[in-house]
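**Q** Pasting in a structure now, in structure tokens, and then I'll have a few things to ask.
The values are calculated or read from the model by the stated rules, or taken from the named source; none is laboratory data. All values reported here derive from a predicted model rather than from experimental measurement. All Cβ positions, glycine included, derive from the backbone under ideal geometry; neighbour counts span all protein chains shown. Note: areas computed on protein heavy atoms with side chains; ligands, DNA, RNA excluded. Shrake-Rupley method; radii C 1.70, N 1.55, O 1.52, S 1.80 Å.
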Amino acid sequence: MIKENRSHLAHLDGIRGFAALYVVFHHAFYQYFSPDMDLSGLTTVQHIIYISSTFGHLAVNLFIVLSGFCLMMPVIKNDYFLKHGFINFFLRRAKRILPPYYFAIIFSLLLIWLLIGQKTGTHWDTSVPITIKDIVLHFLLINDFFSSSVYKINHVFWSIPVECRVYLFFPVLVYLWRKKGGLFTVLFTFLLSCFMFFMLLQLKKIYSGIEIQSSGVNPYIVLFAFGMLAADITFSIQKIPATLKKFPWGLLAIFLGCGAFLFSRIEAHIHITPGSFIFEITDIVYGICFASFLVACSRNATQMGSQNFLRRLFSWKPLAFTGTFAYSIYLIHAPLLQLLTQYILFPLKLPPFLSASILATGGITVLLPVCYLFFTCCEKPFLNTSGVKKQNLPW
């Protein structure tokens with residue numbers, strides 16, 4: 001059973017908000033810089049700032065781990081059963097995720113039709129032009145399987161089908177968790193992820209247009225299970241040994257984060273292909289790092305008066321508030337960045353690094369009100385909070 005009845009933890013909103021803002025920061029720099037560009041003209045400070053912007057993929061990893069963490073919390077509270085059953089779970093997830101996603105598709109299509117439908121040499125070029133096939137595949141949530149469509153319409157949309165697919169396995173994972181335990185379930189997700197990876201490789205031999213890097217559930221279902229395990233370690237009273245609860249999870253997160261960062265730098269220099277098995281192992285290490293980080297932040301969070309620097313930091317009200325509409329930020333920030341780039345920054349003809357810096361700072365202040373308006377109109381009406389106390393949601 002979970003320790004207390006409090007189900008809303010402000011620091012989880014703050015972590016979600018931080019991840020969403022980092023994705024905006026990442027894509028702002030990618031508007032002007034790509035990994036294969038010559039960066040010799042940058043100063044040391046500029047080079048460090050640019051390198052710090054290149055980990056947007058990890059924000060998606062963090063979102064997935066956080067989803068597993070948040071969805072597992074009520075399961076622990078309900079003695080490791082899905083409250084109201086798996087059908088209700090699927091309906092609530094669909095209501096929570098799909099309407100804002102479909103509204104974001106329409107929003108992006110309108111902007112493409114009216115203002116940002118041409119290639120301009122920015123990262124947005126991966127999203128245009130579009131075809132009827134692209135639109136259909138996005139609405140069917142299978143765009144991530146096709147290289148020609150995965151990043152069309154809005155290049156962040158690749159992750160929504162992946163996350164929805166992971167949610168389909170959640171009732172199975174809960175059942176295995178209850179019957180066989182958390183470690184067995186995590187091992188199951190490893191085997192499932194490997195199976196899906198090699199199935200995609202076989203499909204690509206038959207049809208070369210299959211996308212390997214961003215499709216399926218691998219390795220994200222493993223990261224999701226790490227989030228579930230982190231919640232179990234944090235909140236379960238009966239099943240988790242006391243030694244695990246007292247383990248220095250913060251130090252483990254720092255150690256793994258530094259190790260994965262160094263390995264990712266090696267990957268960049270030896271040109272390991274994104275989507276390769278070795279590349280996904282790095283994601284797994286980061287997943288353990290993020291899960292450990294969540295335990296370090298959330299441990300004793302339900303105890304009144306408990307002090308934790310990380311929890312206080314991410315519970316900062318402006319950051320936590322941003323986290324409440326992080327999903328909307330994620331969904332529509334890319335076309336908004338292109339609008340600012342194409343119609344405000346391009347005419348100024350500023351140096352690329354200065355333009356990227358302005359977009360990454362001032363651009364965020366412009367984007368947030370628009371994203372909150374989108375949240376109010378297209379996301380908030382579908383939140384699963386009517387008639388229940390405020391609780392943490394995976395998005």
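**Q** Condition first: in contact with a Pro (Cβ under 9 Å, 6 or more places away or on another chain) and open to solvent by 80 Å² or more (accessible area, probe 1.4 Å). Now tell me which residues in the range 181-239 satisfy that.
**A** Hits for the range 181-239: nothing passes.
**Q** Same structure, new question: Which one of the conditions (1) modelled with pLDDT under 75; (2) surrounded by fewer than 16 Cβ atoms within 10 Å (Cβ to Cβ) does Leu251 fail to meet, given that it meets all the rest?
**A** The failed condition is (1).
**Q** Residue by residue through the range 27-58, note down the ones that are buried (at least 21 other Cβ atoms within 10 Å of the Cβ) and closer than 27 Å to Thr324 by Cα.
**A** Of the residues in the range 27-58, the ones buried (at least 21 other Cβ atoms within 10 Å of the Cβ) are 27-32, 58.
Hits for the range 27-58 are His27, Ala28, Phe29, Tyr30, Gln31, Leu58.
**Q** Here's another thing I want to ask about it. Among the numbered criteria (1) farther than 27 Å from Phe353 by Cα; (2) open to solvent by less than 20 Å² (accessible area, probe 1.4 Å); (3) part of a helix (DSSP H, G or I); (4) not β-branched (Val, Ile, Thr), which one does Lys133 miss?
**A** So Lys133 meets the others, but not (2).
**Q** Against the condition out of contact with any Lys or Arg (no Cβ under 8 Å at 6 or more places or on another chain), buried (at least 22 other Cβ atoms within 10 Å of the Cβ), within 30 Å of Arg178 (Cα to Cα) and among the aromatic types (Phe, Trp, Tyr), how does Phe63 come out, does it pass?
**A** Values: out of contact with any Lys or Arg (no Cβ under 8 Å at 6 or more places or on another chain): no; buried (at least 22 other Cβ atoms within 10 Å of the Cβ): yes; within 30 Å of Arg178 (Cα to Cα): yes; among the aromatic types (Phe, Trp, Tyr): yes.
Considered against the rule, which asks whether it is out of contact with any Lys or Arg (no Cβ under 8 Å at 6 or more places or on another chain), buried (at least 22 other Cβ atoms within 10 Å of the Cβ), within 30 Å of Arg178 (Cα to Cα) and among the aromatic types (Phe, Trp, Tyr), Phe63 comes out as no.
**Q** Next question, about the same structure. Looking at the range 43-87 only, could you name the residues that are assigned to a helix (DSSP H, G or I), without any contact (Cβ under 8 Å) to a residue 24 or more places away in the chain and over 28 Å from Thr282 (Cβ atoms)?
**A** Scanning the range 43-87 gives Gly85, Ile87.
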